[in-house]
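J.: Below: one structure in structure tokens.
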Amino acid sequence: MQKNKISIAGLIFFIFILILFFILIDLIFFKGKAADNPGTLKRTDENEKNKYKILEIYLIKYGESRFDIKEIFYDSNNKLNEKICFDWLFYVIKYDDQYILVDCGFDNDKYIKMFNLYKYENPIAILEKNEIKSQNIKKLILTHEHFDHIDCAKHFKGSELIISKNSFYNIRNKSEYLSLEQADEQVLFSGSYSFDNIFDIKEVGGHTKGSSMLIINLPENTQIIYDYNSDKNNFKIISESTIENSSLIIFAGDECYVPENYIQNRIIGSFYSLQNLRKNNNWLNEIYKNKIGIILLSHQHGILDSTGMMKLYEMKIPLETKTTTSDKN
């Protein structure tokens with residue numbers, strides 16, 4: 001009986017040693033072989049990375065004020081000089097590790113006083129607080145020539161400046177904006193300009209003669225990594241569109257001030273061409289009704305309560321899929 005117990009114990013010990021032996025062989029031989037060729041370990045990750053680029057979109061809120069409702073809505077019958085909350089915004093796009101600004105805000109004290117901003121933070125300070133230096137900005141897209149969209153361009157002379165000719169020539173003789181002429185690279189376009197396969201800038205000429213919209217065409221099989229809609233319970237935007245069912249992201253500049261402009265098809269009260277403004281508003285209204293696009297505005301109130309930077313979206317853009325071309329104009 002004692003002999004049988006010894007035999008069983010010996011067998012268990014032998015099996016245990018055998019298992020350890022095979023584990024040791026695996027660690028020494030197979031892992032060691034992979035270590036001799038590091039590319040073997042990284043091949044899967046590299047192949048995956050080569051299939052897509054990461055697109056991130058951030059909102060910068062640098063101010064808040066109140067604005068005359070007659071400026072917000074062309075058809076307003078307001079006789080009491082009623083004002084509504086009005087945010088001052090621009091956007092940061094990070095695409096394939098390069099930063100793109102859509103407008104850039106202002107840092108001139110006279111405008112803070114002129115428009116009675118009761119909340120204000122320097123736009124450049126907000127960027128730097130989020131570790132985005134002026135030298136990191138690859139492209140600066142200006143939707144039109146008004147001060148709150150271009151004043152801080154003087155800080156980005158090393159960036160590629162992209163603006164319509166009509167907008168550029170409307171500001172170049174004003175001493176305050178001469179810095180735009182000193183940009184290292186300029187792209188002055190008429191009609192439209194495209195880059196990196198998914199970015200289209202369309203001159204639409206409603207709010208000002210050269211005002212433009214930036215349209216990002218999302219390819220099929222775009223993967224959503226982050227959507228701030230799903231992350232904020234008290235989300236205040238008036239829109240039913242989500243990034244999941246959208247093929248377009250539209251930076252509308254000042255063609256609309258608030259979502260009600262395109263949702264209710266009520267144009268703004270400040271324009272160069274009433275005909276173009278109505279055309280643009282009708283198009284945005286169709287985008288909204290058909291739920292095929294996200295519309296980002298420059299003065300919409302309530303997305304971010306305080307001044308600062310907020311992440312809106314992050315997604316994987318497939319490289320081998322053709323993009324959906326926007327049919328604007």
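J.: I need every pair where a residue in region 258-284 that is not assigned by TED's automatic domain parsing to the domain that holds Met213 has its Cβ under 6 Å from the Cβ of a residue that is of a type outside the set (Phe, Trp, Tyr) and surrounded by fewer than 19 Cβ atoms within 10 Å (Cβ to Cβ), sequence separation at least 6 or different chains.
T.: none
J.: Now, a different point. If I ask for residues that are in a loop (DSSP other than H, G, I, E, B), more than 14 Å from Ile150 (Cα to Cα) and in contact (Cβ under 8 Å) with a residue 60 or more places away in the chain, which ones from region 97-121 would you list?
T.: Taking region 97-121 as the starting set, the residues that turn out to be in a loop (DSSP other than H, G, I, E, B) are 97, 103-108, 115-118, 121.
Of the ones still in play, those that are also more than 14 Å from Ile150 (Cα to Cα) are 97, 115-118, 121.
Correct list: Glu121 only.
J.: Take the residues in region 86-111 that are out of contact with any strand residue (DSSP E or B) (no Cβ under 6 Å at 6 or more places or on another chain) and among the acidic types (Asp, Glu), then tell me which one is surrounded by the most Cβ atoms within 10 Å (Cβ to Cβ).
T.: Of everything passing the filter in region 86-111, Asp107 is surrounded by the most Cβ atoms within 10 Å (Cβ to Cβ).
J.: Would you tally the residues in region 127-141 being within 19 Å of Ala153 (Cβ to Cβ), part of a helix (DSSP H, G or I) and not hydroxyl-bearing (Ser, Thr, Tyr)?
T.: 4
J.: Taking Ile124 as the residue in question, decide whether it is under 23 Å from Asn261 (Cβ atoms), within 18 Å of the chain's Cα centre (by Cα), part of a helix (DSSP H, G or I) and β-branched (Val, Ile, Thr). Before you say what the answer is, go through the steps one by one.
T.: On the way: under 23 Å from Asn261 (Cβ atoms): no; within 18 Å of the chain's Cα centre (by Cα): yes; part of a helix (DSSP H, G or I): yes; β-branched (Val, Ile, Thr): yes.
Spelling it out, it is not the case that Ile124 is under 23 Å from Asn261 (Cβ atoms), within 18 Å of the chain's Cα centre (by Cα), part of a helix (DSSP H, G or I) and β-branched (Val, Ile, Thr).
J.: It is to be established whether one or more residues within region 212-226 are under 18 Å from Asp103 (Cβ atoms), outside any strand (DSSP E or B), within 15 Å of the chain's Cα centre (by Cα) and at pLDDT 90 or above.
T.: no
Yes/no matrix, rows are residues, columns are (1) among the hydroxyl-bearing types (Ser, Thr, Tyr); (2) at pLDDT 95 or above; (3) not assigned by TED's automatic domain parsing to the domain that holds Gln186:
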position	(1), (2), (3)
Lys33	no, no, yes
Ile60	no, yes, no
Asp87	no, yes, no
Tyr91	yes, yes, no
Asp96	no, no, no
Val102	no, yes, no
Ile112	no, yes, no
Glu131	no, yes, no
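J.: If the requirement is being at pLDDT 95 or above, among the charged types (D, E, K, R) and over 30 Å from Leu117 (Cβ atoms), which of these qualifies: Lys328, Lys311, Lys279? Write out each step before concluding.
T.: Working: Lys328 fails: at pLDDT 95 or above; Lys311 fails: over 30 Å from Leu117 (Cβ atoms).
Matching residue, one of Lys328, Lys311, Lys279: Lys279.
J.: Going through region 251-276 one residue at a time, which ones are of a type in the set (A, V, I, L, M, F, W, C) and either within 17 Å of Cys85 (Cβ to Cβ) or surrounded by fewer than 20 Cβ atoms within 10 Å (Cβ to Cβ) (or both)? Can you show your working first?
T.: Going residue by residue through region 251-276, those that are of a type in the set (A, V, I, L, M, F, W, C) are 251-252, 256, 258, 263, 267-268, 271, 274.
Matches in region 251-276: Cys256, Val258, Ile263, Ile268, Leu274.
J.: Kindly evaluate Ile294 against the criterion of being assigned to a strand (DSSP E or B), at pLDDT below 95 and over 28 Å from Ser167 (Cα atoms). Walk me through it before giving the result.
T.: Values: assigned to a strand (DSSP E or B): yes; at pLDDT below 95: yes; over 28 Å from Ser167 (Cα atoms): no.
Taking the combined requirement at face value, the residue does not satisfy it.
J.: Name the residues in region 65-80 that are within 19 Å of Gln275 (Cα to Cα) and either among the charged types (D, E, K, R) or part of a loop (DSSP other than H, G, I, E, B) (or both), would you? Quick ask: steps written out before the conclusion?
T.: If we filter region 65-80 for residues that are within 19 Å of Gln275 (Cα to Cα), which is where we start, we get 70-76.
Those that are within 19 Å of Gln275 (Cα to Cα) and either among the charged types (D, E, K, R) or part of a loop (DSSP other than H, G, I, E, B) (or both): Lys70, Glu71, Phe73, Tyr74, Asp75, Ser76.
The values are calculated or read from the model by the stated rules, or taken from the named source; none is laboratory data. Here the structure is a predicted model, which means the values were calculated and not measured. Positions of Cβ are backbone-derived with ideal geometry, glycine not excepted, and every protein chain shown enters the neighbour counts.
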